[in-house]
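One structure is given below, encoded as C-alpha cells.
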Amino acid sequence: MRKIFTMGLAAVLAATAYAAEPSGYYDSCKGKGGKSLLTALHDKIGSHTNVGYDGLWNVYKTSDVHADGSLWDMYSTKNWGKNFKKCGNYSGVGSCVNREHSLPKSWWGGGSQTQYSDAYHLYPTDGQVNGQRSNYPFGECANGTTLKGNGCVGLGRLGTSTFPGYSGTVFEPDDEYKGDFARTYFYMAACYNDKISSWTSGEGGKVMAGNNYPVFKTWVVELLMKWHRQDPVSEKETDRNDAVYAHQRNRNPFIDHPELAEYLWGDRVGEVFRLGEAPGPVGDAELETPVNGAVLEFGQVAEGATVTSKLLFKGTNIRGNLSLLIYRGDKDMFSIPVTTLTASQVNSEEGTWLTVSYKPTATGEHSARLLINGTGEDGNGSRGVE
C-alpha cells in the first residue's frame, strides 16, 4: 500500500507541474505592440510538439472533459460519457464525435501541416453539427437552423449573417463558447503568423485578410473582439490551456493574458504590452474634479487654530498616479495628508476625498496653490487649485 500511495502522489505532482503559465514565459513580449507584438507571440508559441491527428483523441482525455470525465462537446447537448463513438459516418445529432477544425482546413488547403492537428483549434464535437457548420465562417444570424435528434439538440445555428460588414452564410456558436472560439482564432493568428497570410481559400477569403497583421478582415476583427469581451475566459478554457500545454508544450496567450487582444485588435492598439501590469482603463484620461482653478474656501480662522476642508478627486481613465504639491504663496500654512493618489482611488465610482488643513501663523488673508500632476497615460497633465 505504501508503494501504491507514493506512485499516485508522484503522478499528481507531475500533472501539477505543467499547470498554469510558467514564470517568465511571455517575457519576450514585453514592451511590444501591434504587429511586433504578434510576431513576438509567434516566436514564443509557434514552435511546439505536433501530437498528430490521431493523437488528438489522447489529448481530449484531459483537455475536453467534464468533472466526471465525460466528453465536453461545444456543438451539442449530448451526454457522451467516457466511451463515445468516433465518426466515421454520422446519422443525426448525438450519433458520433469527430475532430472539428474551428478554423477550417479547406481555408489553407488541408494536408498534414502542423495546424492540421493543433489541439488548440481542434475540438471534439458532434459530427452532425460539425457537418452543418461545414467550412462556413463563424458569425451571427437570426432565424438560423438548429439541428435536433437522438434525444439532444445541436448547439449553434446556421443562417444568413446579421453582423455588419458581411451578409453571407455563417455558423453562430452557442453564446457560452463564443469567447472560446474568438481566443482560438487569436491563437491561430499568433501561432501561424508566418504562414497565415495565404489561408484564403474558399470561404476563408471572406474571413482572412491575406496578410500577417491584422490577419482578419475588419468585420471579423469586430466580431471576435465583441465575443472576446462579452464571454470572458472561463475555467474550462484555463483547464484546457493547461492540459494542451502538457502535450504540445505551448500555450494560448489570449487565455493567459486576455488583455493581449486589446493591444493587437482592440482599444489599446498603438500601445505596448506591459507584461504583469493591468492594462488599465481605455479612453481619454479626464480628471472631473477638482477643476482647474477651483477655489477651496476656509473662511475666517483664528491665528494658531487649525481647520480642515475636504476636496474631492474623481476622474475617468486615469492611468497613472496623481502627485500633489502645495506650492506658491503661504504654502507653509496649508498641508495635505498624502502627496500621491493612485489611479484606482481616483477612478473609483465615489472618487476619493482628501482633507486639506489650514493653520494660519499670522493675521491676514492667505492662499496657496495645490498642483496636481499625472492625469494622463504617461504622467502628463497638470492643474492648480487655490
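The values are calculated or read from the model by the stated rules, or taken from the named source; none is laboratory data. Computed from a predicted structure; not experimentally measured. Don't worry about glycine lacking a Cβ; one is built from the backbone with ideal geometry, like all the others, and counts go over all protein chains shown. Areas reflect the complete protein model, heavy atoms only, side chains present, ligands, DNA and RNA absent. Shrake-Rupley method; radii C 1.70, N 1.55, O 1.52, S 1.80 Å.
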**Fill in**
Considering residues that are assigned to a helix (DSSP H, G or I), under 25 Å from Phe186 (Cβ atoms) and open to solvent by 20 Å² or more (accessible area, probe 1.4 Å), the number found within region 24-81 is 9
**Message:** Can you tell me which residue is most open to solvent (accessible area, probe 1.4 Å) among those in region 240-269 that are part of a loop (DSSP other than H, G, I, E, B) and acidic (Asp, Glu)?
**Reply:** Asp267
**Prompt:** Within region 85-118, can you find the residues that are within 33 Å of the chain's Cα centre (by Cα), of a type in the set (S, T, N, Q) and open to solvent by 10 Å² or more (accessible area, probe 1.4 Å)?
**Reply:** Asn98, Ser106, Ser112, Gln113, Thr114
**Asked** Are any of the residues in region 330-350 part of a strand (DSSP E or B), over 30 Å from Met188 (Cα atoms), open to solvent by 80 Å² or more (accessible area, probe 1.4 Å) and in contact with a strand residue (DSSP E or B) (Cβ under 9 Å, 6 or more places away or on another chain)?
**Response** no
**Message:** Would you confirm, using the coordinates I've provided, whether Lys3 is in a helix (DSSP H, G or I), modelled with pLDDT of 95 or more and among the basic types (Lys, Arg)?
**Reply:** no
**Output for region 76-91, where each listed residue is in contact (Cβ under 8 Å) with a residue 24 or more places away in the chain and closer than 14 Å to Tyr60 by Cβ** = Lys86, Cys87
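Give me a count of the residues in region 351-372 that are open to solvent by 20 Å² or more (accessible area, probe 1.4 Å), farther than 15 Å from Gly315 by Cα and within 46 Å of the chain's Cα centre (by Cα).
Summing the residues that are open to solvent by 20 Å² or more (accessible area, probe 1.4 Å), farther than 15 Å from Gly315 by Cα and within 46 Å of the chain's Cα centre (by Cα) in region 351-372 gives 4.
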**Asked** Can we say Ala243 is at pLDDT 90 or above and touching a helix residue (DSSP H, G or I) at 6+ places or on another chain (Cβ under 7 Å)?
**Response** yes
**Complete:** Per the list (1) open to solvent by 10 Å² or more (accessible area, probe 1.4 Å); (2) assigned to a strand (DSSP E or B), residue check on Pro124 breaks on (1)
**Request:** Determine whether region 291-308 contains at least one residue that is in contact (Cβ under 8 Å) with a residue 40 or more places away in the chain, over 30 Å from Ser23 (Cα atoms) and acidic (Asp, Glu).
**Result:** yes
**Prompt:** Which one of the conditions (1) closer than 20 Å to Ser63 by Cα; (2) surrounded by 16 or more Cβ atoms within 10 Å (Cβ to Cβ) does Cys152 fail to meet, given that it meets all the rest?
**Reply:** (1)
**Request:** Could you tell me which of the residues Asn193, Asn211 is open to solvent by less than 30 Å² (accessible area, probe 1.4 Å), under 28 Å from Tyr245 (Cα atoms), of a type outside the set (Asp, Glu) and outside any helix (DSSP H, G or I)?
**Result:** Asn193
**Complete:** With the first residue restricted to region 171-191 and required to be without any contact (Cβ under 8 Å) to a residue 60 or more places away in the chain, and the second required to be basic (Lys, Arg) and not in a helix (DSSP H, G or I), Cβ contacts under 6 Å at 6 or more apart or on different chains are Glu172/Arg157
**Message:** Just to be sure I understand, how many residues within region 127-167 are of a type in the set (Ser, Thr, Tyr) and part of a loop (DSSP other than H, G, I, E, B)?
**Reply:** 6
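Which of the residues belonging to region 139-149 are surrounded by fewer than 24 Cβ atoms within 10 Å (Cβ to Cβ) and either of a type outside the set (S, T, N, Q) or modelled with pLDDT under 95 (or both)?
Glu140, Cys141, Ala142, Asn143, Gly144, Leu147, Lys148, Gly149
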**Request:** Kindly provide the set of residues from region 226-239 that are open to solvent by less than 40 Å² (accessible area, probe 1.4 Å), more than 29 Å from Ile318 (Cβ to Cβ) and among the acidic types (Asp, Glu), ordered by number.
**Result:** Glu237
**Prompt:** Pairs, please: C-beta under 9 Å, at least 6 apart or cross-chain, first residue free of Cβ contacts under 8 Å to residues at least 12 places away in the same chain and in region 337-354, second open to solvent by less than 30 Å² (accessible area, probe 1.4 Å)?
**Reply:** Ser344/Ile318
**Prompt:** Is at least one residue of region 271-280 buried (at least 21 other Cβ atoms within 10 Å of the Cβ) and in contact (Cβ under 8 Å) with a residue 40 or more places away in the chain?
**Reply:** yes
**Prompt:** Hey, any hits in region 310-326 for a residue that's surrounded by fewer than 15 Cβ atoms within 10 Å (Cβ to Cβ) and at pLDDT 90 or above?
**Reply:** yes
